[in-house]
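Just so it is clear, none of the values below were taken in a lab; they were calculated from the coordinates. Because the structure is a prediction, the values reported are computed rather than measured. Glycine also receives a Cβ, built like all others from the backbone with ideal geometry; neighbour counts cover every protein chain displayed.
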Amino acid sequence: MTSGVQPEFRRAVAADVPAIVAMLADDKLGAGRERPGDPAYLTAFQAIDADPNQLLLVAEADGEVAGTLQLTFIPGLSRLGMSRALIEAVRVSTHQRGGGLGRRMVEFAIAEARRRGCGLVQLTTDASREHAHRFYERLGFVASHVGMKLVVD
């Protein structure tokens, strides 16, 4: 963090989408798959914002969007009907990294999941992001499952 100001965590608004997309595109994986400025992002934002089981979170610090994550609440039948939360797309702007903002965002997401009655918080992270694996392990996450994906174009 560039200052001692505590970040404000809030639900993202449409005006935040360019900053969020810029963070998604700001690494070797995102650079190859994101297209900042594409109107598809605003359409996706509108769907996320309209869904009560979605929370697109931003961290605002020093007057700018400095971090983001998406939290999805998933009702389920297993584990006696336990709901779970899924954390995705955790990003911190380049100049805000290393100051604890990512940790505070994930802790906020865990608290929100607990507040909404979830009994489990889960996430996936790309296998190549070894620094992220260590980050999540320090927060108490355990690599207990094998994640798989199928791209359907």
Here the relative contact order (percent) of the chain, from C-alpha pairs under 8 Å and at least 6 apart, is 20
Computed, not fitted: 222 nm per-residue ellipticity of the chain from DSSP H runs ≥ 4 (each -39500 (n - 2.57)), nearest 500, equal to -9500 deg cm²/dmol
Residues of region 124-148 with backbone N under 16 Å of the label point set 7 Å from the Cα of Arg33 along Cα→Cβ are 124-130, 132-133, 147-148
What one gets for region 43-88 as the Kirkwood radius, inverse of mean 1/r over different Cα pairs in Å, is 12.1
Between the modelled labels at Glu130 and Asp26 (7 Å from Cα along Cα→Cβ) the distance in nm is 2.4
Distance in nm between Gln6 and Val142 label points, each 7 Å along Cα→Cβ, equals 3.2
Treating every alpha carbon of the chain as one equal point scatterer without solvent, the Debye formula yields log10 I(q)/I(0) values at q = 0.11, 0.17, 0.19 Å⁻¹ of -0.44, -1.12, -1.40
Applying the span-like rule to the chain (DSSP H, Cα extent along axis at least 18 Å, Kyte-Doolittle mean at least -1.0) gives 101-115
Taking 115-121, 58-64, 127-133 and ranking on average Cβ neighbours within 10 Å, highest first, one gets 58-64, 115-121, 127-133
Row for region 105-153, column shape: gyration tensor on C-alpha, a ≥ b ≥ c, rounded if a/c < 1.5 i.e. under 1.5, prolate if a/b over b/c, else oblate; value oblate
